[in-house]
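Following: one structure in structure tokens, then a few remarks.
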Amino acid sequence: MSKSDKLRIAIIGAGIGGLTLSAAIGSLKRQRDDLEVEVDIYEGASRLTEVGAGINFFQRSWEIMEAIGLDQKLLSYLPRAGEGMTRQYLQFRKGDQREGVFIADGQMEGGSYRFHRADVQQALLSAQNGCLHLSHRLISYEEKEEGIYLHFEGGAIATCDVLVGMDGINSVVRKCLLTSRGMSQSPTIEPVWAGDIAYRSLIPSEKLQAVFPGHRALTRPMLHLVSFPVAQNKLINFVAITAELLDPAPYDGPTATPCTVEEVQSIFKGWEPEAQALLQCMEKPLKWIIRYQVPLDRYALGHVVLGGDAAHSMTPYQSAGAGQAVEDAYILATLLCDKACNKETIPEIMEIYDAIRRPIGNGVIEKSRVTGRLVQLSAPGLEDIAEGDEKVSIDRLRGIVEEHMKSFEWVWKEPIKDDRERALLMLSDLEKVRTPNWSIANASLIS
């Protein structure tokens, strides 16, 4: 690719997905001297902050961190570098009663690394390839023959050849893309409320140790209320979730608001002492309305592509939201940095990305929804179990845990390298087939 044909990529959003895409492109550029790709990241905020606390990297997403050279940087944030990705057990408890009940240990093949989100952000920032533009909030874009024109608040304008919407659950890029397709009234244009509310907090480990010496949450992940240690075990990521069985519903109010510890305690009154200790130690809790994306029928069209929460925001029950954004970034970087990619082949490149990523992203949306109902004991077939029910048998609860753990098998049985290889095979097919009537439906390598 000559300099006059340099591919200009604009990433909207400097979250985990956008930063990973930039870092992945940078990693591939270091492997190819002839790669002429220019990256600009546009972020609406005036400074980068990470809302949220803990983040899980299961085997699929950790392999990406290794591939782009960020594994050692991330390992430095662990208590003992090199430890953490173990076949760690997740302890399941039924804690909604005065005396909590141990149910089972769920084995996560391949394990997971658990980080504070701010640490992940810093690692990604250390590997940035592009130019980061803060205080650039996108309001619209328009496609012209010579490129895509980006319009920002305040009147700033920029141009690009490829527009990547990594701008979160309220994505402007998604809304513009759907509107351009005549879908402004589609239920997919805005996220919907799942009926769930999450109360989130970071708990200082020293504080929990003082209140409840030897609390299991200090050293291991637990699932009754969700808790696991982060930030070199100095903090406990804590999430308490309430759920109502609702059809997907629009939600116009604020999605994250401060609340009091007393408010959260009143909701979980009557739970076991370990749960009460976690609730007592919450600091500056936030009340989050859990929303998700009604599955899209396309993640890309022409020179515009969606990734991360802009494409597939989901409920948190598969701990996969950030991981899916990382996967989007990796596959997209692989395609955009291949020798077959140029300004003329971008539409076909985007079709390949869509064919690889959309079935997975949409599938995880559904897996997470189903898993959520299961762990909240509100899935079909569990209608007879009420909160605080002490009569439900341990065998039945263990069966629920087993079903829950099976829903995670994709994270270790389906390696990301297989998706990457499939994308590259489809791309090699694209190189061979150069006819005006070519379409992704002709690609024999789609399974």
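In segment 410-447, what residues are at pLDDT below 90, open to solvent by 50 Å² or more (accessible area, probe 1.4 Å) and not polar (S, T, N, Q)? Passing the criteria: Trp412, Lys413, Glu431, Lys432, Arg434, Pro436, Ala441, Leu445, Ile446.
One line per residue, one yes/no per condition, for (1) open to solvent by less than 50 Å² (accessible area, probe 1.4 Å); (2) of a type in the set (Ser, Thr, Tyr); (3) at pLDDT 90 or above:
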position: Lys73; (1), (2), (3): no, no, yes
position: Arg80; (1), (2), (3): no, no, no
position: Gln122; (1), (2), (3): no, no, yes
position: Leu132; (1), (2), (3): no, no, yes
position: Tyr141; (1), (2), (3): yes, yes, yes
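Scan segment 364-375 and tell me whether some residue there is surrounded by fewer than 14 Cβ atoms within 10 Å (Cβ to Cβ) and either assigned to a helix (DSSP H, G or I) or modelled with pLDDT of 90 or more (or both). The answer is yes; a qualifying residue exists.
Filter segment 258-280 down to the residues that are open to solvent by less than 50 Å² (accessible area, probe 1.4 Å), in a helix (DSSP H, G or I) and not hydrophobic (A, V, I, L, M, F, W, C) and list them by number.
Glu274
Does segment 147-161 include one or more residues that are in a loop (DSSP other than H, G, I, E, B) and touching a residue at least 24 places away in the same chain (Cβ under 8 Å)?
Residues of segment 147-161 in a loop (DSSP other than H, G, I, E, B): 156, 161.
Keeping just the survivors that are touching a residue at least 24 places away in the same chain (Cβ under 8 Å) gives 161.
Within segment 147-161, one or more residues are in a loop (DSSP other than H, G, I, E, B) and touching a residue at least 24 places away in the same chain (Cβ under 8 Å).
For segment 379-389, check the following and say yes or no: at least one residue is surrounded by 14 or more Cβ atoms within 10 Å (Cβ to Cβ) and not in a loop (DSSP other than H, G, I, E, B). Scanning segment 379-389 turns up no residue that is surrounded by 14 or more Cβ atoms within 10 Å (Cβ to Cβ) and not in a loop (DSSP other than H, G, I, E, B).
Residue by residue, here is whether (1) touching a helix residue (DSSP H, G or I) at 6+ places or on another chain (Cβ under 9 Å); (2) crowded, with 24+ Cβ neighbours inside 10 Å; (3) free of Cβ contacts under 8 Å to residues at least 60 places away in the same chain; (4) not in a loop (DSSP other than H, G, I, E, B) holds:
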| position | (1), (2), (3), (4) |
| --- | --- |
| Arg298 | yes, no, no, no |
| Val305 | yes, yes, no, yes |
| Ala310 | yes, yes, no, yes |
| Met314 | yes, yes, yes, no |
| Tyr317 | yes, yes, yes, yes |
| Ala322 | yes, no, no, yes |
| Glu327 | yes, yes, no, yes |
| Leu332 | yes, yes, no, yes |
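Against the numbered list (1) modelled with pLDDT of 90 or more; (2) open to solvent by 60 Å² or more (accessible area, probe 1.4 Å), Ala240 comes up short only at (2).
Within 30 Å of Leu301 (Cα to Cα), modelled with pLDDT of 85 or more, among the aliphatic types (A, V, I, L, M) and part of a loop (DSSP other than H, G, I, E, B), is that true of Ala127?
Numbers: within 30 Å of Leu301 (Cα to Cα): yes; modelled with pLDDT of 85 or more: yes; among the aliphatic types (A, V, I, L, M): yes; part of a loop (DSSP other than H, G, I, E, B): yes.
Against the criterion (within 30 Å of Leu301 (Cα to Cα), modelled with pLDDT of 85 or more, among the aliphatic types (A, V, I, L, M) and part of a loop (DSSP other than H, G, I, E, B)), Ala127 qualifies.
Restricting attention to segment 338-363, the residues that are hydrophobic (A, V, I, L, M, F, W, C) and open to solvent by 10 Å² or more (accessible area, probe 1.4 Å) add up to 2. Would you mind telling me which numbered condition in (1) surrounded by fewer than 19 Cβ atoms within 10 Å (Cβ to Cβ); (2) in contact (Cβ under 8 Å) with a residue 60 or more places away in the chain Ser22 fails? That leaves (1) as the condition not met. Of all residues in segment 255-266, those that are at negative phi have Cβ atoms under 8 Å from Cβ atoms of residues that are of a type in the set (Lys, Arg), 6 or more apart or on another chain, in Thr255/Arg291; Ala256/Lys287; Thr257/Lys287; Pro258/Lys284; Pro258/Lys287; Cys259/Lys287; Glu263/Lys287.
For segment 186-210, the set of residues classified as farther than 21 Å from Tyr299 by Cβ and without any contact (Cβ under 8 Å) to a residue 40 or more places away in the chain consists of Ser205, Glu206, Gln209, Ala210, listed by residue number.
The values are calculated or read from the model by the stated rules, or taken from the named source; none is laboratory data. The model shown is predicted, which means the values in this text are computed figures rather than measured ones. Glycine gets a Cβ as well: all are built from the backbone with ideal geometry, and neighbour counts include every protein chain shown. Ligands, DNA and RNA are stripped out before the accessible areas are found, and what is left, the full protein with its side chains, is counted by its heavy atoms. Shrake-Rupley method; radii C 1.70, N 1.55, O 1.52, S 1.80 Å.
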